[in-house]
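Each reported figure results from applying straightforward, stated rules to the coordinates on display, with no laboratory input. Values in this document were obtained by computation on a predicted structure and should not be read as measured data. All Cβ positions, even for glycine, are placed from backbone atoms using ideal geometry, and neighbour counts span all protein chains on display.
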Amino acid sequence: MLDRDSFLDFEAEEKSEDEVKDEVRRAKLRALHLLTAMDRTEAKLREKLQTSYGEEAVETAINYVKTYGYLDDERYVRVYIESKSRTKSRKQIEQELIFNKGVSKEAVERGFEQAQMADITEVIQKYMQKKKIDPQNCEYEQKQKFFAYMMRKGFQIDDLKKVFDLT
């Protein structure tokens, strides 16, 4: 026979199970809401959910959105590379994905293999127009400053020399 204390303990356990289920449900809804606003990486979504929910709820929510294809780091990397390659160097994109977005290096490399990147010479020429650099009429010091600027942005010196020789 159950005494009163046993019954209260049982009720507390059952209540906590209900609370856990409710937390998981809310975490799933929050994950879906966050992904409707914008595409995210798994690491960023996990970081965002961990501020409000427990580890079990976060894992369940991430697995839930993954099964429906709403969370896909490979797709995110490919789209990110295709959109940013018009204005940034490969090195800069790679650094942002790995260190800021929390994507694995292997996923980034696969993304570069699959993505259609913009022509690097066009990107460099856009920067030349922006900085008002004319390869035929620029002084050595101005050319040196431009090369240093572009190399800090992650562009390769061979690509820069090729563009300067073409124009």
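Using a simple charge model, +1 on the beta-carbon of Lys and Arg, -1 on the beta-carbon of Asp and Glu, nothing else, what dipole does region 120-166 show about its Cα centre, in debye to the nearest 20?
Working: 10 positive and 7 negative charges, 52 e Å.
Approximately 240 debye in magnitude.
For helix 55-67, what angle does its Cα long axis make with the longest principal axis of the chain, in degrees from 0 to 90 and rounded to 10?
It is inclined by approximately 60 degrees.
Counting other beta carbons within 10 Å of each Cβ, put ILE133, ILE120, ILE93 in order, fewest first. Spell out each step's value before the answer.
Working: ILE133 20, ILE120 17, ILE93 23.
Placing the least packed residue first, the sequence is ILE120, ILE133, ILE93.
Highest GNM mean-square fluctuation, the chain, Cα pairs closer than 10 Å: which of TYR149, TYR127, TYR140?
Among TYR149, TYR127, TYR140, the largest GNM mean-square fluctuation belongs to TYR140.
Near LYS48, which lysines are there with a Cα under 21 Å away, not counting those fewer than 8 places off in the same chain?
Reachable lysines: LYS21, LYS28, LYS66, LYS101.
So what is the relative contact order of the chain, in percent, for Cα pairs below 8 Å that sit 6 or more residues apart? The partial results should precede the final answer.
Numbers: 130 pairs, mean separation 32.8, N = 167.
Relative contact order comes out at 20 percent.
For the chain, compute the orientation-averaged projected area of the C-alpha convex hull (one quarter of its surface), in nm².
Details: hull surface 54.8 nm².
For the Cα atoms of the chain, the hull's average projected area reads 13.7 nm².
222 nm [θ] for the chain, helices only, -39500 (n - 2.57) per DSSP H run of 4+, per residue, to 500?
Details: 9 runs with 118 residues, N = 167.
The helix-only estimate for the chain comes to -22500 deg cm²/dmol at 222 nm.
Within region 44-59, list the residues whose amide N lies under 15 Å from a label point set 7 Å along Cα→Cβ of VAL20.
What the label zone holds, given the 15 Å backbone N cut-off, is 54-59.
Which of the listed residues, PHE99, PRO135, GLN114, is farthest toward the dipole's positive end in the chain, when Lys, Arg count +1 and Asp, Glu count -1 at the beta-carbon?
PRO135
Distances over 20 Å make up what percent of all Cα-Cα pairs in region 24-81? Could you put the intermediate results ahead of the total?
Numbers: 259 of 1653 pairs.
When all Cα pairs of region 24-81 are counted, 16 percent exceed 20 Å.
Can you give the convex hull volume per residue for the Cα atoms of region 120-166, as a whole number of Å³? Walk me through the numbers on the way to the answer.
Details: hull volume 3.1 nm³, N = 47.
Cα convex hull per residue, to the nearest whole number: 66 Å³.
Give the cross-link partners of LYS162 among the lysines, using a straight C-alpha distance below 19 Å as the criterion and excluding same-chain residues fewer than 8 apart.
LYS88, LYS91, LYS126, LYS130, LYS131, LYS132, LYS143, LYS145, LYS153
Can you tell me the orientation of helix 120-130 relative to the chain, as the angle in degrees between its alpha-carbon axis and the longest Cα principal axis, to the nearest 10?
Roughly 70 degrees between the two axes.
For the chain, with only Lys/Arg (+1) and Asp/Glu (-1) charged at the beta-carbon, what is the dipole magnitude about the Cα centre, in debye rounded to 20? Spell out each step's value before the answer.
On the way: 32 positive and 34 negative charges, 346 e Å.
For this selection, approximately 1660 debye.
Using all C-alpha to C-alpha distances in region 73-114, build P(r) with 5 Å bins and read off the rounded percent in each one.
Cα pair-distance distribution for region 73-114, in percent: 5, 28, 42, 22, 3.
By how many nm would the segment from ASP165 to LYS48 grow when fully extended, if each residue of separation counts as 0.36 nm and the alpha-carbon distance is taken off? Before the final figure, lay out each step's value.
Values: separation 117, 0.36 × 117 = 42.12 nm, distance 4.77 nm.
Extending this stretch completely gives an extra 37.4 nm.
For the chain, with a Gaussian network of springs between Cα atoms less than 10 Å apart, report the residue from LEU29, LEU97, LEU49 with the top mean-square fluctuation.
Greatest mean-square fluctuation among the candidates belongs to LEU29.
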